[in-house]
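The values are calculated or read from the model by the stated rules, or taken from the named source; none is laboratory data. Quick caveat: nothing in here was measured; it's all calculated off a predicted structure. Glycine gets a Cβ as well: all are built from the backbone with ideal geometry, and neighbour counts include every protein chain shown.
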Amino acid sequence: MKQLAGKVALVTGGGKGIGRGIVRRFLEEGAKVVIAQRGTLEKGLGQNPNVAFCQADLSDRAKLKSIVDFTVDRFDGLDILVNNAGVMFERSLGEMTEDEWDTMMAVNLDAPVLLSKYALPEMRKRGGGAIVNIGSIEGLAANPMHAAYCASKGAIHGLTKALAVDLGQFNIRCNAIAPGWIRSDLSEDYINSQENPAAARQGLIKMHPVGRTGEPENIGDTAVFLAGDRAGFLTGQVIVVDGGRTAKLPLPF
């Protein structure tokens, strides 16, 4: 039997990158999925009868409840919330503006908090549910010029544990995935922007004990497990999915 058969999932930012990998795996495992994001969907994905699209700006708090309402109206309930959408910019603390900080927190932290709040009564009607937050290895360690991003993802990891504690009484589990380097349009653009893209790619691969960087479906596989009944005794955890990158100590030469 498919792991998510009969389940309804809301995935923010599910149209591309990691979110697309999660949506693809959820559909393969029998879920119906609402994708909420600002940009439009590719034609093929939007035509899938088990997919509904809710176009929304996740930085606008006033729109967040309507996303949950849309999901319930479209598929008669909500079992799984995946808080995946996020933004990232590189800025030193001295150069960062207050507006940039506010935007980062609005999308990366406020939206997950409020979507979880609005999803709570709907999940309770179903007898329980699962929240999967997409954090980052940058919630555990830092890259240069990423103070705001690291702060937002560290907060997501803390939120995950707090929601697990508070919502367990309602049979609602909350876990987070901390991805490492995952192939996406953004990551490919970064590699191609380097002076020697081929050398940059090989340098990234060498950072990973498994000998490669990750694919969106690697995160999707983990999300399926965390959202499904097989993870029924697993909550409040941050699962690092990074090909061993953070387990490997760098040599000083």
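Test each condition in (1) more than 27 Å from Asp102 (Cβ to Cβ); (2) out of contact with any Pro (no Cβ under 8 Å at 6 or more places or on another chain); (3) modelled with pLDDT of 95 or more for Arg24 and report the one that comes out false.
(2)
Only one residue in Ser59, Ser92 is more than 26 Å from Thr222 (Cβ to Cβ) and surrounded by 19 or more Cβ atoms within 10 Å (Cβ to Cβ). Which one? Give the derivation first.
Details: Ser92 fails: surrounded by 19 or more Cβ atoms within 10 Å (Cβ to Cβ).
That would be Ser59, the only listed residue that is more than 26 Å from Thr222 (Cβ to Cβ) and surrounded by 19 or more Cβ atoms within 10 Å (Cβ to Cβ).
Count, please, the residues in the stretch 238-253 that happen to be loosely packed, with under 11 Cβ neighbours inside 10 Å, hydrophobic (A, V, I, L, M, F, W, C) and closer than 21 Å to Gly180 by Cα. It would help to see each step written out before you state the result.
Initially, the stretch 238-253 is screened for residues loosely packed, with under 11 Cβ neighbours inside 10 Å, giving 247, 249-253.
When the remaining residues are screened for being hydrophobic (A, V, I, L, M, F, W, C), the result is 247, 249, 251, 253.
Filter again for closer than 21 Å to Gly180 by Cα, leaving 247, 249, 251.
Of the residues in the stretch 238-253, 3 are loosely packed, with under 11 Cβ neighbours inside 10 Å, hydrophobic (A, V, I, L, M, F, W, C) and closer than 21 Å to Gly180 by Cα.
So which residues in the stretch 118-143 are within 20 Å of Leu78 (Cα to Cα) and more than 17 Å from the chain's Cα centre (by Cα), if there are any at all? Quick ask: steps written out before the conclusion?
Of all residues in the stretch 118-143, those within 20 Å of Leu78 (Cα to Cα) come to 118-134.
Across the stretch 118-143, the qualifying residues are Tyr118, Leu120, Pro121, Glu122, Met123, Arg124, Lys125, Arg126, Gly127, Gly128.
Name the single residue, out of those in the stretch 210-253 being touching a Lys or Arg at 6+ places or on another chain (Cβ under 7 Å) and of a type in the set (Val, Ile, Thr), that is farthest from Ala142 (Cα to Cα).
It comes out as Val224.
For Thr235, indicate whether it is within 14 Å of the chain's Cα centre (by Cα), buried (at least 17 other Cβ atoms within 10 Å of the Cβ) and within 29 Å of Lys117 (Cα to Cα).
no
Within the stretch 21-38, how many residues are assigned to a helix (DSSP H, G or I) and buried (at least 24 other Cβ atoms within 10 Å of the Cβ)?
4
Please verify whether Ile18 is outside any helix (DSSP H, G or I) and buried (at least 22 other Cβ atoms within 10 Å of the Cβ), treating the condition exactly as stated.
So Ile18 fails the test.
A quick yes/no check of all residues on (1) touching an Asp or Glu at 6+ places or on another chain (Cβ under 7 Å); (2) β-branched (Val, Ile, Thr); (3) at positive phi; (4) buried (at least 19 other Cβ atoms within 10 Å of the Cβ):
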{"position": "Arg126", "(1), (2), (3), (4)": "yes, no, no, no"}
{"position": "Leu140", "(1), (2), (3), (4)": "no, no, no, no"}
{"position": "Gly158", "(1), (2), (3), (4)": "no, no, no, no"}
{"position": "Ala164", "(1), (2), (3), (4)": "no, no, no, yes"}
{"position": "Arg173", "(1), (2), (3), (4)": "no, no, no, yes"}
{"position": "Asp189", "(1), (2), (3), (4)": "no, no, no, no"}
